[in-house]
Amino acid sequence: MKKHLLRSWMCLMILFLVLPSVTQASWNDSSKPGWEGKEPKRGWIQSKIQHMTLEEKIGQLFMIHVYGQTPTDPNYEETNINQNRGAKNFEEAIEKYHIGGVIYFNWTDNIGTPIDFEQVQSLSNGLQDIAMEQRMPIPLMIATDQEGGVVARVTEPATVFPGNMAIGATRSAEYAKQSAEIMGMEQKSLGINMDLAPDLDVNVNPENPVIGVRSYSENPDLVAELGSAQVSGFQSENVSATAKHFPGHGDTNVDSHYGLPIINHDLETLHEVDLKPFKAAIDAGIDSIMPAHIVVPALDDSGLPATLSKPILTDLLREEMGFEGVIITDSLGMSGANVVPPEEVPVEAFKAGADILLNPPNVPLAYDAMLEAVEEGEISEKRVDESVFRILEMKFKRGLFDDPSVSEDALQNIGLEENLALADQMTEDSITLVKNEDVLPLEADDEMFITGPSIGSPDLLADLLNNEGVDSRLLATGTSPTSSEIEHAVEQAEGADKVIVTAYTANTNEAQQRLVEELQSTGKEVIVTSMRNPYDIMAFPDIEANVLTYGFEEISVEALAKVLTGEVNPAGKLPVTIPELYEYGHGLSY
């Protein structure tokens, strides 16, 4: 009898140990028809959590950046220590802090410019190998910011897209979905499984210094439509999408990287404008939502930013709006988050309702603060388990427990000719002609003078026009042109038939406004090409022509050159209102 009981007990123990791994493979084989995107089994995830130490659970809450091109890059060991990464390299950070995810940047040298596909994929696979070799093997979320347009970490020779407001100017949900599918496929090929996109802010403030063209439009219905299309596109490629910046960063003139914006919308406006796209994203099944470092008094009169606000993250987002996915903070190193002592920021964000704590400026300080908060009872382990469950559930849904690595063959999916052609087409369709007093398209014998901030790519535009036979001379300036630069520009304009100014958010830049005014005083016809935000013409409404690109990337400048020469007839429609000048939907053609 005792032998029989002992044998039965041993069989049960073997079954208990083996079943999770068997179930993991069978429940999450995303290669099998019908399994991709299925709800994971709660019991398997809960079993995983029950076998995790508190230290491992706390680690899952963190997504951090580390400098380096490889998991053990010796060239950045000192930098990582000096920058408070708490480790010399990725490998050490994973082993020491049991982190749940990493975020790639260009400035951390994880992704080069131009990108080296093999290097990025090798880094991703190497990190996943390390994560899966730990006592508790849990794959990493590997994230980056790939919105398209002005915010893109993966660039040439991958497929580059013109960005959200350019897509808004086309009014095409199909373009929105296709661009996200392609960005998702290319990121997945690199081992990146989470995109901190799309941006669902409704940009209603012409002076917004941080959103602008990152938004699709001032129209919440259009933002909701295009944003939901991108959510579907990203997640169809098993890349988790992230809607940001909740509850809406579109009406501010303060950049939360450097200050603390206040959104003074009333409840009715918040629900009819700011929150509408996020509700649509939730209905579309979005994996994660990122709150903003903004104060919204109508939702929380404490003066705390949304990142640290329980009324916003828990009462509104979780309970009222019914979001059951992952809440990931914006970077905790941004000025807008630092309204409490540094060690309290991650703790207060978590208490407010966040799940993933993104990019703490001091990793060991943040990790120890969270661990101490649980050990001292300020945060219950049950609350930690809830967040860890949501994080593991997201990883499970995206197939990471099946196999987090990517094959080298997947790199063949990046920069495909048909995708590059599609990106060119949607960019050309987005170019918006706001004003034209019969100065466009340019004539072949026009002698052009091109000037403006170098960030607006006047050099590339001059080269492209010269290649088309339009004689073009160049003087690039700083973002805020000096008096000397303006004087030289006026001198060179005297010998030209027409002048092009590549403006860069000139409606909020007095030096650029002086440049345009001085060029106008020469009597030459002045064409302003707005290379970022669309509101430049507010500062000089009597210029002869204004063309909007919504971005300064090469793909946008190439489309602009085609419009200026008449090779492409502009078809874009304003996705925003130019106050007191042009209505939403305005757009000219030749």
Practice task
Can you confirm whether the range 515-527 contains a residue that is in a strand (DSSP E or B) and open to solvent by 30 Å² or more (accessible area, probe 1.4 Å)?
Solution key: yes
Completion exercise
Those residues of the range 280-304 that are open to solvent by 30 Å² or more (accessible area, probe 1.4 Å), acidic (Asp, Glu) and farther than 23 Å from Met334 by Cα come to a total of 1
Fill in the blank from the handout: Those residues of the range 332-349 that are in contact (Cβ under 8 Å) with a residue 60 or more places away in the chain and either out of contact with any Pro (no Cβ under 7 Å at 6 or more places or on another chain) or among the basic types (Lys, Arg) (or both) come to a total of 2
Completion exercise
Reported set for the range 458-470 where residues are without any contact (Cβ under 8 Å) to a residue 12 or more places away in the chain and of a type in the set (Asp, Glu) is Asp463
Exercise for the section: Tell me which of these Ser179 doesn't satisfy, since it passes every other one: (1) open to solvent by 10 Å² or more (accessible area, probe 1.4 Å); (2) within 22 Å of Pro575 (Cβ to Cβ); (3) of a type in the set (Ser, Thr, Tyr). Expected result: (1)
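Let's see how each residue does on (1) free of Cβ contacts under 8 Å to residues at least 60 places away in the same chain; (2) not polar (S, T, N, Q):
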{"position": "Ala444", "(1), (2)": "yes, yes"}
{"position": "Gly456", "(1), (2)": "no, yes"}
{"position": "Ser472", "(1), (2)": "yes, no"}
{"position": "Ala476", "(1), (2)": "yes, yes"}
{"position": "Ala489", "(1), (2)": "yes, yes"}
{"position": "Gly495", "(1), (2)": "yes, yes"}
{"position": "Asn533", "(1), (2)": "no, no"}
{"position": "Phe540", "(1), (2)": "yes, yes"}
{"position": "Thr549", "(1), (2)": "no, no"}
Handout entry: The lone exception for Pro277 - which of (1) open to solvent by 10 Å² or more (accessible area, probe 1.4 Å); (2) touching a residue at least 40 places away in the same chain (Cβ under 8 Å); (3) not in a loop (DSSP other than H, G, I, E, B) it fails
Key = (1)
Problem - Members of the range 139-176 found to be assigned to a helix (DSSP H, G or I), among the β-branched types (Val, Ile, Thr) and open to solvent by less than 10 Å² (accessible area, probe 1.4 Å), listed by number - result: Ile167
Practice task
Residue by residue through the range 564-590, note down the ones that are under 29 Å from the mean Cα position of the chain (by Cα) and either buried (at least 24 other Cβ atoms within 10 Å of the Cβ) or of a type in the set (D, E, K, R) (or both).
Solution key: Pro570, Gly572, Lys573, Pro575, Val576, Glu583
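Select from the range 182-208 the residues that are among the charged types (D, E, K, R) and part of a helix (DSSP H, G or I) and write down the one among them that is most open to solvent (accessible area, probe 1.4 Å).
Lys188
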Problem - Hits in the range 94-106 (condition: surrounded by 21 or more Cβ atoms within 10 Å (Cβ to Cβ) and under 16 Å from Met136 (Cβ atoms)) - result: Ile94, Tyr97, His98, Ile99, Gly100, Gly101
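Return yes or no: is Thr113 under 23 Å from the mean Cα position of the chain (by Cα) and either surrounded by fewer than 21 Cβ atoms within 10 Å (Cβ to Cβ) or assigned to a strand (DSSP E or B) (or both)?
It is true that Thr113 is under 23 Å from the mean Cα position of the chain (by Cα) and either surrounded by fewer than 21 Cβ atoms within 10 Å (Cβ to Cβ) or assigned to a strand (DSSP E or B) (or both).
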Practice task
Return the total of residues in the range 227-245 being in a helix (DSSP H, G or I) and open to solvent by less than 10 Å² (accessible area, probe 1.4 Å).
Solution key: 5
Handout entry: Residue, farthest from the chain's Cα centre (by Cα), within the range 421-462, restricted to residues that are part of a helix (DSSP H, G or I) and polar (S, T, N, Q)
Key = Ser454
Practice task
Working only within the range 463-479, note down all residues that are within 16 Å of Val528 (Cα to Cα) and within 30 Å of the chain's Cα centre (by Cα).
Solution key: Ala476, Thr477, Thr479
Problem - Test: residue in the range 538-550 that is surrounded by 16 or more Cβ atoms within 10 Å (Cβ to Cβ), modelled with pLDDT of 95 or more and at positive phi - result: yes
Problem - Breaking point among (1) more than 19 Å from the chain's Cα centre (by Cα); (2) open to solvent by 10 Å² or more (accessible area, probe 1.4 Å), for Ile58 - result: (2)
Handout entry: Identity of the residue in the range 209-226, at pLDDT 95 or above and assigned to a loop (DSSP other than H, G, I, E, B), that ends up surrounded by the most Cβ atoms within 10 Å (Cβ to Cβ)
Key = Tyr216
Practice task
Identify, by number, the condition in (1) surrounded by fewer than 24 Cβ atoms within 10 Å (Cβ to Cβ); (2) closer than 15 Å to Leu475 by Cβ that Asn509 doesn't meet.
Solution key: (2)
Fill in the blank from the handout: Looking across the range 428-456 at residues that are among the polar types (S, T, N, Q) and touching a Leu at 6+ places or on another chain (Cβ under 9 Å), the single one that is surrounded by the fewest Cβ atoms within 10 Å (Cβ to Cβ) is Asn436
Completion exercise
Filter the range 525-556 for residues that are aromatic (Phe, Trp, Tyr) and touching a Pro at 6+ places or on another chain (Cβ under 8 Å); the one that is nearest to Ala506 (Cα to Cα) is Tyr535
Exercise for the section: Could you tell me whether Ser387 is buried (at least 21 other Cβ atoms within 10 Å of the Cβ), under 27 Å from Pro137 (Cα atoms) and among the hydroxyl-bearing types (Ser, Thr, Tyr)? Expected result: yes
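Kindly establish whether Thr307 is within 16 Å of Ser387 (Cα to Cα), open to solvent by 20 Å² or more (accessible area, probe 1.4 Å), in a helix (DSSP H, G or I) and polar (S, T, N, Q).
No, not satisfied.
The values are calculated or read from the model by the stated rules, or taken from the named source; none is laboratory data. Just so it is clear, the structure is predicted and the values come from calculations on it, not from any experiment. With ideal geometry, Cβ positions are generated from the backbone for all residues, glycine too; neighbour counts draw on all protein chains shown. Surface areas here come from the heavy atoms of the whole protein model, side chains and all, with no ligands, DNA or RNA. Shrake-Rupley method; radii C 1.70, N 1.55, O 1.52, S 1.80 Å.
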